[in-house]
Each structure stands twice: as C-alpha cells, then as structure tokens.
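Below is one structure, written out as structure tokens; the observations come after it.
The values are calculated or read from the model by the stated rules, or taken from the named source; none is laboratory data. Keep in mind it's a predicted model, so treat the numbers as computed, not measured. Glycine gets a Cβ as well: all are built from the backbone with ideal geometry, and neighbour counts include every protein chain shown.
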Amino acid sequence: MNKRMQDFQSTNLPKFEKKIAEFLNNLSAETTLKDAMAYSVEIGGKRIRPLMIMAICSFYNRSIDDDVLAVAGSLEFLHTYSLIHDDLPEMDNDDLRRGKATNHKVFGQAEAVLAGDGLLTLAFDWVARTGLDSKSKVDLIAALAKAAGPEGMVSGQIADIEGEHKTLNLEQLKKVHERKTGALLRYACQAGGILCKTEKEELELLVNFGASFGLAFQIYDDILDVVSTTKEMGKAVHKDKGENKNTYPVILGLDGAYQRLEQAIEEAEGALVKLNASDCVLADFLEYFKRKES
C-alpha cells in the first residue's frame, strides 16, 4: 500500500467504522440479533467496496459526508450478509472468516441466517434514511437490488454451487464470477458515480473499471487459494480443488491464471486512463494485486 492510499484510509476509515458501529448500536432490535450482525461487520476485512465509493467521491471532489458514509456502509452490510450466508453448512461450510470463527459457529445456525437477513434488509433501509435527493435514493436502491439479487450476486452463487458438478469453460466461469463477485464491485463504482452525479459516459467508464477490478479480484482470490496459507488469508485455503470448484487456476493453470489477471488489471487501467484518473487514489486499488514477476 502506497502513502497516498495509507493517508486516504487513515483519514476516512475511522469515521466509516464509527458510523457503522453507531448505526448498528442505535437500532431498536433484539440484543442477540444486534450482537450477531455487529460481530461479522466489525470483524473488519479490507473494506474495498466502501473505500471505492469514497475514492470516487474524492476524485470528483464530493465531500465524504454522512450520506456518502451511509451508502458505503449499506454496501458493506450487504456484502457482510453474503459472507455470513456463504459460510453456513448449506453453502461453503466454513469455520473461519477473516481469522475469526464464522457467525454460525459463535451464535448458532438459525441466528446467523437471521443476522444475514437483518443486514441485507438494513442495507436498503439505510440508503432510504439518507438526506440524498429522491432520484439518487431510488437509483442507488434499484442498482443495489439488481447487483445483489437474482440478476446479480445470488444467481452467481447458485451458478457457482451448480458448477461444482460440471466442468465449465472459461466464458462460463467468467459469467459466474461477473455476478457472484463482480456485481457488488461494479455497484460500488456505480454508487460513487450516482453520488457524484457524473455524466452517463463517465458512469459507464466507472462501471467498466469496477467490472475489470471485480474480475481481477476473483482471479486473484482463486490464485491465493492455491499459493497462500490459512494464516495469511484468515480463512481455509486449498479448498477449491478438493471441492471440484471451477477456478481460473484449474481451467488455465496457475501461469494462465496470472496472465488473465494481468489482462484484467490492464483493462481496469484502461478505464482509468479514459477517466483521467490514472494518478489518483482510485488507481491505487490496483496495487491490491501482487503481479507475477516475469
């Protein structure tokens, strides 16, 4: 992480963490539900999606105010719900998430389901509570619903599960991950554009950046499952091959996966060039990926 990104995070992440903690704490809800929701939200993680929203606002000189923090927080709530449900025995059956016990291991399976349900619905609630104009609210809620729902992430998750019983080709695998992983990253960029009221052409470029970043993110995650350790990842590794999952290293080999990662990064860089955003904090997100030395 370079100094520009470090400074950006040190300026914005503390107020973001404070905002989401206060919002959860002030809910009128059952204590166990609040505790279970807060547990998974406050474990942390990279916060890439909310940071991306804030970075776009910074690029367009839009103040990172309470409304921006709420939109960013709503996306993190929705992302966290998906992780809670992903970890359940019916899904990926994981005991570890971000180096901590998964939600259902701490609170119980039924409680984890409801914690995920709570965060999912709360995401839309929080956007509706903002002081944004009505059009922005509707646009954000509609875009988030599409990204997260049966035309987005949920379909990608179903396709990923069903894909374990068949061999996918590269195009089929890309389609799975465009929805499962890419949809929320595309939405992060779309949300930033909506908050900044960008022109249509710029919004499309932002979404293209998010799509390419999302593809790179998934390929890199697949690579890390092969080359990393549980300690480094904070979750179980080397599971994909044992569970017959379709991944980029499985289909392309490890070297081929690195080559496809490089292509996705270059596509993201191309979108930034067209946005005249090659030298701003948004470009620093691409440093998340460790490129293979030639």
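Out of the residues in the range 28-53 meeting the condition of being free of Cβ contacts under 8 Å to residues at least 24 places away in the same chain and more than 20 Å from the chain's Cα centre (by Cα), tell me which one is nearest to residue 72 (Cα to Cα). The qualifying residue nearest to residue 72 (Cα to Cα) is 34. The helices (runs of 4 or more DSSP H) located wholly in the range 1-59 that include 3 or more residues which are farther than 22 Å from residue 214 by Cα occupy 3-25, 31-42.
Filter the range 154-178 down to residues that are among the polar types (S, T, N, Q) and buried (at least 16 other Cβ atoms within 10 Å of the Cβ) and give me whichever is modelled with the highest pLDDT.
155
All conditions but one from (1) surrounded by 13 or more Cβ atoms within 10 Å (Cβ to Cβ); (2) farther than 23 Å from residue 155 by Cα; (3) among the hydroxyl-bearing types (Ser, Thr, Tyr) apply to residue 80; the one that does not is (2). Checked against (1) polar (S, T, N, Q); (2) over 22 Å from residue 79 (Cα atoms); (3) modelled with pLDDT of 90 or more, residue 181 meets all criteria but (2). The residues in the range 239-275 that are outside any helix (DSSP H, G or I) and modelled with pLDDT of 95 or more can be counted, and the count is 1. With respect to the conditions (1) in contact with a Ser or Thr (Cβ under 7 Å, 6 or more places away or on another chain); (2) buried (at least 18 other Cβ atoms within 10 Å of the Cβ), residue 96 falls short on a single one, namely (2).
Taken over the range 102-138, the residue count meeting the criterion of being farther than 14 Å from residue 37 by Cα and hydrophobic (A, V, I, L, M, F, W, C) is 6.
Filtering the range 101-124 to residues that are free of Cβ contacts under 8 Å to residues at least 40 places away in the same chain and surrounded by fewer than 22 Cβ atoms within 10 Å (Cβ to Cβ) leaves 101, 105, 108, 109, 110, 113, 117, 121.
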